[in-house]
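The values are calculated or read from the model by the stated rules, or taken from the named source; none is laboratory data. The structure presented is a predicted model; accordingly, all values stated were derived computationally and were not measured. Note: ideal-geometry Cβ built from the backbone for every residue, glycine included; neighbour counts use all protein chains shown.
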C-alpha cells in the first residue's frame with residue numbers, strides 16, 4: 001500500500017478551539033460526575049445533596065467547555081506562530097484501494 005506524506009502548515013484556530021470545547025465538555029461531565037458523587041455523599045440532607053450534586057455537575061461541564069475552548073485556541077495559535085521555525089507536522093496518510 002502506498003503512503004503519501006503531507007505537511008500540516010496551518011491550524012484553524014476556531015476549529016481547534018471548538019474541538020477542544022467538545023473534549024472539555026466530555027472531561028467536565030466525567031469529572032463533574034466524580035465530584036458530584038463526592039459532594040453528594042458529604043452533604044447531610046438528601047435534598048441538599050441532590051442540589052449540590054447537580055450544581056457541581058453543571059459547573060464542571062461549563063468549566064470544561066470554557067477551558068477546552070481556550071486551550072484549543074491557544075494551542076493552535078502557538079502552533080501557527082511557531083510554524084516558521086519548526087516547519088510543521090508531517091503526517092503519513094495511506095491511500096485506500
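Quick rundown of the values:
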| quantity | calculated |
| --- | --- |
| All positions within the stretch 64-97 that are buried (at least 16 other Cβ atoms within 10 Å of the Cβ) and more than 20 Å from residue 11 (Cβ to Cβ) | 64 |
| Per-region count, the stretch 42-57, residues surrounded by 13 or more Cβ atoms within 10 Å (Cβ to Cβ) and either assigned to a helix (DSSP H, G or I) or at pLDDT 80 or above (or both) | 9 |
| Unmet criterion (only one of (1) at pLDDT 95 or above; (2) under 30 Å from residue 85 (Cα atoms)) for residue 2 | (1) |
| Any hit, the stretch 23-31, residues being under 30 Å from residue 84 (Cα atoms) and under 9 Å from the mean Cα position of the chain (by Cα) | yes |
| Options 85, 39: the member that is part of a helix (DSSP H, G or I) and in contact with a helix residue (DSSP H, G or I) (Cβ under 6 Å, 6 or more places away or on another chain) | 39 |
